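The values are calculated or read from the model by the stated rules, or taken from the named source; none is laboratory data. Nothing here was measured: the structure is a model prediction, and the numbers come from that model. Heads up: the accessible areas ignore ligands, DNA and RNA and are worked out on the full protein's heavy atoms, side chains in. Shrake-Rupley method; radii C 1.70, N 1.55, O 1.52, S 1.80 Å.
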Amino acid sequence: GWLITLLLGVIGALLGGWLGGLLFNAPLQDFFSLQTWLLAIGGSILVLLIYGFIVGRKSKA
């Protein structure tokens, strides 16, 4: 439901920010930075897609 989606989105945002800082040396101190937001949104989408792929496969088997 919506709670799992919310938690996965937050986890993805944190993961995207962490990986962005690690791989691209992106400064993540500014809240209103476009780069920070794009990394967080990208990480959230990635985690949600992976979760959907895993859950979608298990429910059809």
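Descriptive notes on the structure:
- Helix axis angle, 34-60 relative to the chain longest principal axis, alpha carbon, degrees: 10
- When you restrict to C-alpha pairs under 8 Å that are six or more residues apart and normalise by the size of the chain, the relative contact order lands at 42 percent.
- Near ALA26, the amide H atoms lying under 5 Å from its own belong to GLY21; only residues 5 or more places off or on other chains count, and H is placed 1.01 Å from N.
- For the chain, the share of accessible area belonging to carbon and sulfur comes to 76 percent (1.4 Å probe, ligands and nucleic acids excluded).
- Between 0 and 90°, nearest 10: helix 2-23 axis offset from the chain longest Cα axis: 40
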